[in-house]
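The values are calculated or read from the model by the stated rules, or taken from the named source; none is laboratory data. This one's a predicted model, so the numbers in the text were calculated from it and none came from an experiment. Using ideal geometry, Cβ is built from the backbone for each residue, glycine included, and neighbour counts are taken over all protein chains shown. When the accessible area is computed, the model is the full protein with side chains, heavy atoms only, and any ligands, DNA or RNA have been set aside. Shrake-Rupley method; radii C 1.70, N 1.55, O 1.52, S 1.80 Å.
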Amino acid sequence: MIQSHLRRLVGSHAVAGYGFLLPWLIGFFFLAVGPSLISLYLAFTDFDLLTSPEWVGMANFERILTADAKFMASMRVTFMFVILSVPLKLALALIVAVALNKGLGGLSIYRAIFYLPSLLGASVAIAILWRQLFSGDGLVNMALEPFGIIGPSWISNPNYSLWTLVALSVWQFGAPMIIFLAGLRQIPADLYEAASLDGAGPWRQFRRITVPMITPVIFFNLIIQTIDAFKSFTPSFVISGGTGGPINSTLFYTLYLYQEAFGFFRMGYASALAWILLIIIAVFTALSFLSSRYWVHYDE
Amino acid sequence: MREVHRRSFLKKGIAAAVATSIPTRHLWAQEMRLRLSWWGNADRAARTQEVIAAFLAANPSVQIDGQSLPGGGDYWTWLATQSSGGNPPDVIQMDYRYISEYATRGVLLPLDDLIGGTIDLSSWPQDRIDVGKVDGKVYGVSLGSNTGAAILNLSAWEEAGVAAPTIGTTWEEFATLCADFANKTERRRFYASQDASGHDFSFEAFLRQRGKEMYAEGGTLGFTAEDALVWFTYWNDMRAAGACVPADVQALSEGNVDTSVITTGKAATGFAQSNQLVSYQNANKDRLGMTAFPVVGGGAPGQYLKPSQYFSVSARTANPELAGRFLNHFLNDPAAMRILGVERGAPESPDTRATIMPTLDAPSQAALEYLEAIADLIGPLPPAPPQGAGEATMIMKSVAEEVAFEVKSAEQGAEDLVSGMGGAIRAS
Amino acid sequence: MNDRSLWRIAIHAALIASSVLMLYPLLWMMAASVRPEAEIFSSGSLWPSDWSFQAYSRGWTLLGVGFGTFFSNSFIIAALSVAGNLFSCSLAAFAFARLEFPGKRIWFALMLVTLMLPSQVTLIPQYAMFFNLGWVNTFLPLVVPKFLAADAFFIFLMVQFFRGLPKELDEAAIMDGCSPWGIYWRILLPLSTPVLATAAIFTFIWTWDDFFAPLVYLSDIRNFTVTLGLRSFVDAAGESDWGAMFAMSILSLLPVMIFFLLFQKMLIEGIATTGMKR
C-alpha cells in the first residue's frame, strides 16, 4: 500500500514538483537559509558588528525576557499597532474594492487615486506632511475647531502618536485593495445574475457570494498584513526620526531591533530579538492556518 | 572540550562569512586606488569632487572613487554594513559621536605616524589635533569645527518689543526675557524658546559652566543627579511660565533644521550649531540671527569647538600612504582650501582660516566672526565621548520627554537620567 | 429616480470625497516643489504664495550625473525584477498549488517562515556573501534574488489564486495527455492575468521605491537609482535642497503611475470576463 502510494506520487508529480521548485530552492538555500542560520548563531553571541562574535549562551534571551524595559515597551506598541491597523486596513480595502468592482464610470481613475497613497510609501515627504496634518495647529485640528474641539498635537503626544501611525497604515490600503480586486474578478458573473433573479439585494449578495468566494484572498491578505504589521519599520522610523518617541510611544519592535543592531552596535542582541519576533509571528500564522480550515473555501 | 571545538569552528565560520575577503583586497592593492566616502548634500559633494579632481590631475597614476551618501542614520547603517561585510572605504568621514565606537573596535588606522610624515599639521594648535584622539592615539583629522549657538528669530523678538538674548546673557536673565516675551508677543501659539531640556549640547554647556562635564575621563558620567535636577527644574519652570514651547510641540523636533521649532514657526529661540545659521535662514521668512548659549553667572566657559566631522582612514586600507597624501592635499593645498571654504565647519588651522577669509561670502564670514566673538565663552575640549554615548544621548531625550509630559517628576527624571546614561556607557 | 441610481450616486459621492483625502498629499508635494523654500515647513496650504519651476531644472542636474541616468538605472532594475518575479514565483506557486510531491507541506511552511525574519539581521551576512561574489556595485544583488523567487510574498499570493481556479481544468488537461508544464503554460497562466498583473505592479513599484538595498549595494553614483538620488538632496544636519527634492519626487512618481495605469487594465481581465462557467 505504501509502495503504491509512493509510486503514484513519484509517477505523477515528484520530479515535476521539484523541477518547478528549483529556482526557489536555490534561492532558499543561498539567500534565506544561510543568512538565517548565521543570525540564529549570532543570537547566542555578543557581536558588535566589527569584531568577532563572542559566545554568550542564553544571556541575550535572558536579558530580553527578564530585564529589558524597552523590549516590553516595543512589544506593547507593536501589538497595539497590529490589533488596530490590520482589521481597519483590511475592512477599508475590502469595502473600497467591492465599491470599485460595481462597474461604475471612471473606475480606472478611482483605482489609481486610491492606490496613490501607497505609491508615496513612507518617504521624507510623507513625514513632513504628517506633521502638518497632525500637529497642534495642523489641518486636522483646524477641521475640528468649528465643532468646538481643541485637539492635542496628535503626532507628538505619547497618548495619541501611535494612532497617527495607524492612520498612515490604514490610509495606505492600496496593496490589499488591489489584491481584493483581483480576487473579485475571479468570481463568475453568473453567480450574481442568478442571485439577482432570486431577488437578493447588494448586502445579501456580498455576504452570500462575494465573501465566501474570496475567502482565500481574505486569508492571504490577513496573513500578509499581520506579518507586515509585526515587521513594520519605516513608518515609525520616518515619522519619529528613528527615535520611536515621544517616550517610546511609537517604538515598533523592528525599530528597537534596528537601534540595537546599528545604533548601539549590538547585533547579537538584535538577532535574539529577531528570532523572538519570528517565533511570535510564526505562532500567529500557524493559528491562522489552523482556523482557515473552518472558514476558507478553495475550489477543490 | 567538544563544546569548545564547536564554538571555535562556528566562530571561524562566521568570521569567514561575515568579516573579510582577502583576495579582493590584494587585487586592489596593485592599483593606486582609494575609496572615499562622506555624507552631506549636493553642495558638499560638488566641492569634494572638485578637490578630488585636482588631486587626480596632479597624480595621474591614482584612482579615487568619491562617494556621497545620505546623512543621518542611513550613513551609519551603511558604514556598519560595509565595515562588517569586509568592504570599508579607505577614507571615511567620521563623526564626533562615533569615532570612539569605530576606533576602539579596530576599524580605524592610527594616524600618528602619518601626521609625523605625510600629513602636515604643523600649523595646527596641538589641542585641535587632540580632538581626533581616542585612547591616546589620533584616529581622525578634524575637517572643521563649530560650536553651539542659539538661533534667534530677530523679527519675532523685535515685534514683541523684548530685547533678544546676547552673548553673556545668563540662564536666569534668559528665563526673564522669555517670560516677558510670552506676555508681549501677539503671535498665536508662538513661544520665546525651544524646550532644551533634552538637548544634549545645551545640557553639556550648562554642566561645564557649573564646573562639571557630561562625560569624565575614563568613560564615566561627569555629573550627578543634583545637576540634572537643577536643569530639569529650570525647564519645568520655563514651561509653566509659558516661556518655552509645551512638551507636545518640542516632541515634534528631531534636532535637525527642518523639524526645529524655529523652522516650523513655533518659537523665537532654538539651540543649534554655529554653522547652521545659513540653513535656518533659507528655511525661514523671518530675519534670523545667532548668539551664544546662555551662561551660568560667574561660571566657567561652557561651550567648546566641536569637530563637525573628521576624515579617518580604514585599518584595512592597502594604501595608507596614499590616503595620507590625499588628506594632506585636502587640508593644506591652497586651492583645495578655497574650494572647500567653511562648508565642513571652521578650519582648524589659523593659517587656513586666514587664507580663505577674503574669499568667503558674507554668511560664511559671519560664522567665522561668531567664533571669535564668543572666544571667552569657549572652554577646553572635554574628554572624548565614550562608547555608548550615542545611546546615552537618546536616553537623555527620552527622560526629558517623560519629565516634560509629567510622566515623571524632575527628581525621578534626574535619577533615571544618571542611572540610564551611566548604564549605557558602561554597558558598551 | 429609482433605488439603484440613488445607490450609485451615493457611492460616487463617497468615492469623490475620499479621493480628495487620497490626493491631498500629492497636491501638497506639487505645491512644495514650486513654492519658496521658506514656506515648505510652515504651511499646509496647497496654494504657494509664489510660483517657480526652477527646482525642476536645478534638481535634474544638481548631482552632476543627472537624473536621466538614475531613471534609466531604476527602470532596468525594476523591469528585470518584474521578469524575474513573474517567472520564478509562478513556477514555485504552480508546484505548491497544483502538484503533489513528497515534502510539499514542509517546503510550503519554510517558504512562509522566510517572510517572517526581519531583514535587518540578515543584511550583513547577505552583504558579505554578495561582496565575496564580487557583485557589489553591480545590479546583480538587486536582481538575481528576484529570479530565485526570494520574495515569498509573491509565491504565496499566486498560490492563493491558483488554488481558486477550478481543478477540473487540470484533470481535463491530463486526460488529453497534457504534461505538468503544459498545464502551467497553456492553462493556468493564461487564466491568471489578474494575479500576474498584480504581481507585476507590486514588483515594479516596490523595486522602484526601494531605498536601502540600492544604498548598500551601489556605490558608484552612475549606478544610483532614483530613490537614492532623492535622498542625496537631504542633509539632516545641514542645508537640504527641499525644493529640488520635491520636484524630483514628483517626477519619480510618473513612471510608477504610468506603469500602474497600463497594468491595471489587466487586473480586470480574468475569469469574469472570459465567460468561464463553472
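Worth a mention:
- Close pairs from region C:170-191: first away from every other protein chain (no Cβ under 11 Å) and free of Cβ contacts under 8 Å to residues at least 60 places away in the same chain, partner among the β-branched types (Val, Ile, Thr) and surrounded by fewer than 18 Cβ atoms within 10 Å (Cβ to Cβ), Cβ under 7 Å, at least 6 apart: C:Ala173/C:Ile187
- Some residue of region A:110-130 being outside any helix (DSSP H, G or I), β-branched (Val, Ile, Thr) and more than 14 Å from chain B (Cβ to nearest Cβ): no
- Residues (touching a helix residue (DSSP H, G or I) at 6+ places or on another chain (Cβ under 7 Å), of a type in the set (A, V, I, L, M) and more than 7 Å from chain C (Cβ to nearest Cβ)) located in region A:269-279: A:Ala272, A:Leu273, A:Ile276
- Within region C:34-79, being outside any helix (DSSP H, G or I) and among the basic types (Lys, Arg) holds for one residue alone: C:Arg35.
Okay, residues lined up against (1) in contact with a Pro (Cβ under 7 Å, 6 or more places away or on another chain); (2) open to solvent by 50 Å² or more (accessible area, probe 1.4 Å); (3) over 14 Å from C:Arg231 (Cβ atoms); (4) not assigned by TED's automatic domain parsing to the domain that holds B:Tyr96:
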position: B:Gly40; (1), (2), (3), (4): no, no, no, no
position: B:Arg47; (1), (2), (3), (4): no, yes, yes, no
position: B:Ile52; (1), (2), (3), (4): no, no, yes, no
position: B:Phe55; (1), (2), (3), (4): no, no, yes, no
position: B:Pro60; (1), (2), (3), (4): no, yes, yes, no
position: B:Gly66; (1), (2), (3), (4): no, no, yes, no
position: B:Pro70; (1), (2), (3), (4): no, no, no, no
position: B:Ala80; (1), (2), (3), (4): no, no, yes, no
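- Filtering region A:168-181 for residues that are at pLDDT 90 or above and assigned to a loop (DSSP other than H, G, I, E, B) leaves a non-empty set.
- Some residue of region A:194-201 being within 14 Å of chain B (Cβ to nearest Cβ) and either of a type outside the set (D, E, K, R) or assigned to a helix (DSSP H, G or I) (or both): no
- Filtering region B:330-371 to residues that are open to solvent by less than 50 Å² (accessible area, probe 1.4 Å), hydroxyl-bearing (Ser, Thr, Tyr) and assigned to a helix (DSSP H, G or I) leaves B:Thr352, B:Ser364, B:Tyr370.
- Matching residues, region A:19-75, being within 29 Å of A:Ser249 (Cα to Cα), among the small types (Gly, Ala, Ser) and free of Cβ contacts under 8 Å to residues at least 60 places away in the same chain: A:Ala59, A:Ala67, A:Ala69
- Restricting attention to region B:304-324, the residues that are open to solvent by 20 Å² or more (accessible area, probe 1.4 Å), closer than 25 Å to B:Gly379 by Cβ and assigned to a loop (DSSP other than H, G, I, E, B) add up to 1.
- From the list A:Ile109, A:Ile83, A:Ile128, the one residue that fits, being of a type in the set (A, V, I, L, M), touching an Asp or Glu at 6+ places or on another chain (Cβ under 9 Å) and farther than 14 Å from A:Trp171 by Cβ, is A:Ile128.
- Sole residue being open to solvent by less than 10 Å² (accessible area, probe 1.4 Å) and facing chain A (nearest Cβ under 8 Å), chosen from C:Pro102, C:Pro118: C:Pro118
- Those residues of region A:129-174 which are in contact (Cβ under 8 Å) with a residue 60 or more places away in the chain and aliphatic (A, V, I, L, M), in sequence order: A:Ile155, A:Leu162, A:Leu165, A:Val166, A:Leu168, A:Val170
- Region C:142-168: number of residues that are within 10 Å of chain A (Cβ to nearest Cβ), open to solvent by 10 Å² or more (accessible area, probe 1.4 Å) and either touching a strand residue (DSSP E or B) at 6+ places or on another chain (Cβ under 8 Å) or part of a helix (DSSP H, G or I) (or both): 8
- Matching entry among A:Phe233, A:Phe173, A:Phe237 (being within 19 Å of A:Met80 (Cα to Cα) and in contact with a Lys or Arg (Cβ under 8 Å, 6 or more places away or on another chain)): A:Phe173
- Taking region A:243-264 as the range and being on the phi > 0 side of the Ramachandran plot and either more than 11 Å from chain B (Cβ to nearest Cβ) or touching a Leu at 6+ places or on another chain (Cβ under 8 Å) (or both) as the test, only A:Gly244 passes.
- Unmet requirement for A:Ala175, which otherwise passes all of (1) at the interface with chain C (Cβ under 10 Å from one of its Cβ atoms); (2) open to solvent by 30 Å² or more (accessible area, probe 1.4 Å): (2)
- Qualifying residues in region C:223-276 (those that are closer than 30 Å to C:Phe41 by Cβ and of a type in the set (S, T, N, Q)) - the one modelled with the lowest pLDDT: C:Ser240
- From the options A:Arg293, A:Arg208, residue that is under 23 Å from the mean Cα position of the chain (by Cα) and farther than 23 Å from A:Val77 by Cα: A:Arg293
- Criterion (among the polar types (S, T, N, Q) and open to solvent by 10 Å² or more (accessible area, probe 1.4 Å)) met by exactly one of B:Thr176, B:Thr147: B:Thr176
- Qualifying residues in region C:124-141 (those that are of a type outside the set (A, V, I, L, M, F, W, C) and within 9 Å of chain A (Cβ to nearest Cβ)) - the one least open to solvent (accessible area, probe 1.4 Å): C:Pro125
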